[in-house]
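Written out below as structure tokens is the structure these notes cover.
The values are calculated or read from the model by the stated rules, or taken from the named source; none is laboratory data. No experiment lies behind these values; they were computed from the predicted model shown. FYI the Cβ positions are ideal-geometry reconstructions off the backbone, even for glycines, and counts take in every protein chain you see. Areas reflect the complete protein model, heavy atoms only, side chains present, ligands, DNA and RNA absent. Shrake-Rupley method; radii C 1.70, N 1.55, O 1.52, S 1.80 Å.
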Amino acid sequence: MENQRVRKAVIPAAGLGTRFLPATKAMPKEMLPIVDIPTLQYIVEEAVASGIEEILIITNSNKRSMEDHFDRNYELEERLKAAGKNDLEEMIRHISDMVNIYYVRQKEPKGLGHAILCTKSFIGEEPFAVLLGDDLVVNEGGEPALKQLVGAYNEKRTSVVGVQRVPMDEVNKYGIVEPQDKNYDPDKRRIKLKGMVEKPSIDQSPGDLAVLGRYVLTPEIFDLLETQAAGKNGEIQLTDAILRLMDIQTVYAYRFEGTRYDVGDKFGFVKATIDFALKRPELKDELSAYIKELASKI
Ligand code: UTP
């Protein structure tokens, strides 16, 4: 395992998406678009830009739209070509050419840890990445969030969880890490961990460094997930298994660089939509004018 590269990534997309009902009744939340691109595509693009060669998406029975999105659509390609819309045809084809994507079904939504356990035979004995569609990270001009974590893994050869600071009154929404050194250097990106707790109450939180949807894990995690008892909400929690992983290896947090959007939350989703739209040349002038007009009335 010493010199193994992080080649494989898993993207869990089998949650119920209750916060986005009814949109998620027949469609996974990972297919909700930010402007016109499904969040799942942004996540796949980040994985590819981080050197990932094979992706396994964990699905439930709502998987059709995801499989179709990353597959060829010959009829649409032909129609676009016939209409002279070559740019669109190329863009559509590029989505299916990006990377090898596989799918596995999580039969019941028993939690993120249980979802990751479903990928055991695909991963085998390699380090691997996990990316959650809930967190979109934009790092313009810099490295993608996952690539930064892979860099940290390559230096230490041990599991790394991606974190950023969050406001103290929001820690109960996240997995919060506990640094080994309480007075860790706030300028340091890599932090040795002592503990981790899922959605702590504000007064019992070990800090404000929240785990934000990016991980590089070593395969020892699977043995732990196999014996992991149900935790918060009766679900098998990845956080609980990573906590036990700390007994057998040093686990690091990596404070990744970039602006992160919590698109699993309605307000975060709307913010991401506005910010992404403001960066689109075809939308930005009209949208800026509209926002200014709205603001003048509030
Ligand atoms: P969340 O808890 O954010 O997803 O899980 P959710 O349960 O779908 O969302 P809400 O709270 O009901 O709106 C984080 C990630 O883990 C996946 C989800 O798809 C999401 O990407 N997940 C969660 C699974 O794949 N399986 C599960 O059993 C639970």
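In table form, for the structure just shown:
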item	result
Residues being open to solvent by less than 30 Å² (accessible area, probe 1.4 Å), under 18 Å from Tyr254 (Cα atoms) and touching a residue at least 60 places away in the same chain (Cβ under 8 Å) - total across the range 177-220	11
Whichever residue in the range 115-166 is part of a helix (DSSP H, G or I) and open to solvent by 40 Å² or more (accessible area, probe 1.4 Å) and, among such residues, is nearest to the ligand (Cβ to nearest atom)	Leu117
Residue, farthest from the ligand (Cβ to nearest atom), within the range 221-234, restricted to residues that are within 26 Å of Lys8 (Cα to Cα) and open to solvent by 60 Å² or more (accessible area, probe 1.4 Å)	Asp223
Candidates Ile191, Ile242, Ile221, Ile236, filtered to the one that is under 28 Å from Arg7 (Cα atoms) and in contact with a Pro (Cβ under 7 Å, 6 or more places away or on another chain)	Ile191
Search result, residues across the range 1-49 that are within 13 Å of the ligand (Cβ to nearest atom), among the charged types (D, E, K, R) and crowded, with 23+ Cβ neighbours inside 10 Å	Lys29, Glu30
Selected residue (only one of Glu220, Glu235, Glu282, Glu257 is within 22 Å of the chain's Cα centre (by Cα) and more than 28 Å from Leu16 (Cα to Cα))	Glu257
Lone unmet requirement of (1) open to solvent by less than 40 Å² (accessible area, probe 1.4 Å); (2) part of a helix (DSSP H, G or I); (3) in contact (Cβ under 8 Å) with a residue 60 or more places away in the chain for Ile52	(2)
Residue in the range 56-77 that is more than 16 Å from the ligand (Cβ to nearest atom) and open to solvent by less than 40 Å² (accessible area, probe 1.4 Å) present	yes
Some residue of the range 20-39 being in contact with a helix residue (DSSP H, G or I) (Cβ under 8 Å, 6 or more places away or on another chain), among the small types (Gly, Ala, Ser) and outside any helix (DSSP H, G or I)	no
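Results for (1) free of Cβ contacts under 8 Å to residues at least 60 places away in the same chain; (2) over 24 Å from Thr273 (Cα atoms), shown as yes or no for each residue.
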position: Asn100; (1), (2): yes, yes
position: Ile123; (1), (2): no, yes
position: Leu131; (1), (2): no, no
position: Asp135; (1), (2): no, no
position: Leu146; (1), (2): no, no
position: Gly151; (1), (2): yes, yes
